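Engineer: For reference, the structure I am asking about is given below.
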Amino acid sequence: MNTTETEKKPQDDPKLITVEYLITREFNNSTDFSMFIEREAVRRNLGVMETLLEYCDEKGIDPVAVASMISSSLKEKIGAEAQELNLLKKTGKLPL
């Protein structure tokens with residue numbers, strides 16, 4: 001029995017593999033993915049933004065496509081790094 005285009009599954013055709021499918025093969029959910037990025041950043045002594053971009057580059061994923069897999073905590077860390085690098089306008093901070 002031949003498989004038609006509509007019956008193909010992502011694992012049958014590399015062109016049909018979605019970012020979520022690729023990532024969830026390695027991670028159970030977005031929290032696991034975000035924690036992996038944070039741990040790798042610490043282990044490699046890199047920023048989380050650079051670590052995320054390198055992961056996307058290694059896997060051939062568009063960084064914009066992984067936005068749904070990034071936790072709010074990791075988004076805040078990326079935002080803070082972007083402000084420090086003057087990629088985003090700095091917001092006011094209250095002294096601790």
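Engineer: Being more than 12 Å from V19 (Cα to Cα), under 10 Å from the mean Cα position of the chain (by Cα) and surrounded by 11 or more Cβ atoms within 10 Å (Cβ to Cβ) is true for just one of T31, T51. Which residue is that?
Structural biologist: Exactly one of T31, T51 is more than 12 Å from V19 (Cα to Cα), under 10 Å from the mean Cα position of the chain (by Cα) and surrounded by 11 or more Cβ atoms within 10 Å (Cβ to Cβ), namely T51.
Engineer: Would you tally the residues in region 18-55 being at pLDDT below 90 and hydrophobic (A, V, I, L, M, F, W, C)?
Structural biologist: 4
Engineer: Please determine, by comparing only the residues of region 21-60 that are assigned to a loop (DSSP other than H, G, I, E, B) and of a type outside the set (S, T, N, Q), which one is nearest to A82 (Cα to Cα).
Structural biologist: Taking the candidates together, the pick is G47.
Engineer: Which pairs have Cβ atoms under 8 Å, sit 6 or more apart or on different chains, and link a residue in region 50-63 that is of a type in the set (D, E) to one that is assigned to a helix (DSSP H, G or I) and surrounded by 12 or more Cβ atoms within 10 Å (Cβ to Cβ)?
Structural biologist: Correct list of pairs: E50/A41; D62/V19; D62/C56.
Engineer: Every residue in region 54-82 that is more than 14 Å from V19 (Cβ to Cβ) and surrounded by 14 or more Cβ atoms within 10 Å (Cβ to Cβ), please.
Structural biologist: Those that are more than 14 Å from V19 (Cβ to Cβ) and surrounded by 14 or more Cβ atoms within 10 Å (Cβ to Cβ): E54, S71, L74, K77, I78, G79, A80, E81, A82.
Engineer: Six or more apart or on different chains, Cβ under 6 Å: which pairs go from a residue in region 70-96 that's assigned to a helix (DSSP H, G or I) to one that's at pLDDT 90 or above? Could you list them?
Structural biologist: Listed by first residue and then by second, the contacts come to L74/S34; K77/V48; I78/V48; I78/M49; E81/G47; E81/M49.
Engineer: Filter region 25-57 down to the residues that are polar (S, T, N, Q) and within 11 Å of M69 (Cβ to Cβ) and list them by number. Even if it seems obvious, please write down each step before you answer.
Structural biologist: Pass one, region 25-57, residues polar (S, T, N, Q): 28-31, 34, 45, 51.
Result: N29, S30, T31, S34.
The values are calculated or read from the model by the stated rules, or taken from the named source; none is laboratory data. Remember, predicted model here, so these are calculated numbers, not experimental data. Heads up, the Cβs are rebuilt from the backbone with ideal geometry, glycines too, and the neighbour counts pull from every protein chain shown.
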